[in-house]
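Engineer: Dropping the structure in here first, questions after.
The values are calculated or read from the model by the stated rules, or taken from the named source; none is laboratory data. Fair warning: this is a prediction, and the values are worked out from it, not measured in the lab. Don't worry about glycine lacking a Cβ; one is built from the backbone with ideal geometry, like all the others, and counts go over all protein chains shown. Remember, those area values only see protein heavy atoms, side chains included, never the ligands or the DNA or RNA. Shrake-Rupley method; radii C 1.70, N 1.55, O 1.52, S 1.80 Å.
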Amino acid sequence: MADETGISWTDHTHNEWWGCSAPAGAGCDHCYAAQLDKRTGGKHFGLGTAPRLTKEPNRNKPYRWNREAQAAGVRSKVFCGSMMDFFDKNAPAGARQPLWEKIKETAALDWQLLTKRPANITAMLPEDWGDGYENVWLGVTVENKRSGLRRLEQLRSIQAQVRFLSIEPLLADLGEIDLSGIHWVIVGGESGSGYRAMEHAWAARVLAQCREQGVSAYFKQWGGTSSDAGGCVFNGAEIKQWPIVSPNGKLRGEP
């Protein structure tokens, strides 16, 4: 796995294992991870499949990133994971607890755990979770009203230092959203072959509600046939805010 990532809202991607079980909503229809797995001859996505652990050198990379962040005096963000769902029941046996230990041991890293399965989170949290680890951001995907807003409600009920929404791909107008308890919202359109276009009004409505409710927003992309198609400028400006997590209003994630 490469150290660099094309995902603009993180610094590193990390996958302790590779694979995911059955689709968990409309946002999975054009899953880039499943497509990549298929192109590389894998059979680790979908019903009846078995995710596999990644190689040990890959699993040890967060320790190096942590040392580098400590030396630089700048926190680094780690998205876990681009090729897995941390809270998927179909994870390799015994793989999740060592990953929690790794997260605790890398305090200079902010781990961004994004899932489409928030119903599983509570049962899979470590015993010492308490109000949440200081270096863990819990997030859910919100692609439409039917699946996404239900995930939002489930996330809101879970103790965490940072809760975030990945409203990407945004596939429909979400209407009125209660963002209480949410610290950060990512908005973006779908990319890749067969992408479903995001309408300007849908994104504008989400971003307006973020402003009105005091929630940091990050506009990632318009979407298109490639990952950088459409750009990341919304109404003439880039919107790249980070979650506010301290009483003095400092934005987490800023240098």
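Engineer: Student exercise: in the chain, how many lysine pairs 8 or more apart or on different chains have Cα atoms under 18 Å apart?
Structural biologist: Step by step, the pairs that qualify in the chain add up to 15.
Engineer: On to the next question. Leaving out ligands, DNA and RNA, what percent of the accessible area of the chain is carbon and sulfur, probe 1.4 Å? Walk me through the numbers before you get to the answer.
Structural biologist: Values: 5980 of 11860 Å².
That fraction is 50 percent.
Engineer: Here is a follow-up. Defining a contact as two alpha carbons under 8 Å apart and six or more residues distant in sequence, what relative contact order in percent does region 104-255 show? Spell out each step's value before the answer.
Structural biologist: Values: 298 pairs, mean separation 24.6, N = 152.
Relative contact order for region 104-255 comes out at 16 percent.
Engineer: Calculate for the chain the 222 nm mean residue ellipticity that helices alone would give, adding -39,500 (n - 2.57) per DSSP H run of length 4 or more and normalising by residue count, nearest 500 deg cm²/dmol. Walk me through the numbers on the way to the answer.
Structural biologist: On the way: 7 runs with 59 residues, N = 255.
For the chain, the value works out to -6500 deg cm²/dmol.
Engineer: If you put +1 on each Lys and Arg Cβ and -1 on each Asp and Glu Cβ, how big is the dipole of region 112-255 around its Cα centre, in Debye rounded to 20?
Structural biologist: Details: 15 positive and 16 negative charges, 40 e Å.
In total the dipole reaches around 200 debye.
Engineer: Taking the Cα centre of the chain as the origin, how large is its charge dipole in debye, to the nearest 20, when only Lys and Arg (+1) and Asp and Glu (-1) carry charge on their Cβ atoms?
Structural biologist: Values: 30 positive and 29 negative charges, 87 e Å.
Taking the Cα centre of the chain as origin, the dipole is about 420 debye.
Engineer: Calculate, for the chain, the solvent-accessible area per residue in square angstrom, rolling a 1.4 angstrom probe over the heavy atoms of the protein chains. Before the final figure, lay out the partial values.
Structural biologist: Details: 11860 Å² over 255 residues.
Accessible surface, normalised per residue, equals 47 Å².
Engineer: How much of the DSSP bridge set in the chain is antiparallel, in percent, rounded to the nearest 5?
Structural biologist: Values: 6 of 35 bridges.
DSSP beta bridges in the chain are roughly 15 percent antiparallel.
Engineer: Next question, about the same structure. Looking at the chain, identify the longest residue range that excludes and avoids all GluC sites (Glu not before Pro) in DSSP loops having at most 14 other Cβ atoms within 10 Å.
Structural biologist: On the way: sites that count: Glu4, Glu127, Glu134, Glu176, Glu199.
The longest uninterrupted stretch comes out as 5-126.
Engineer: In the chain, once you exclude exposed trypsin sites (Lys or Arg not before Pro) (DSSP loop, at most 12 other Cβ within 10 angstrom), what's the longest stretch remaining?
Structural biologist: Values: sites that count: Lys43, Lys55, Lys89, Lys250.
Longest gap between qualifying sites, sites excluded: 90-249.
Engineer: Let me ask something additional. Pairs of alpha-carbon atoms within less than 8 angstrom and 6+ residues apart define the contacts here; what relative contact order does the chain have, in percent?
Structural biologist: Values: 508 pairs, mean separation 35.5, N = 255.
Relative CO of the chain lands at 14 percent.
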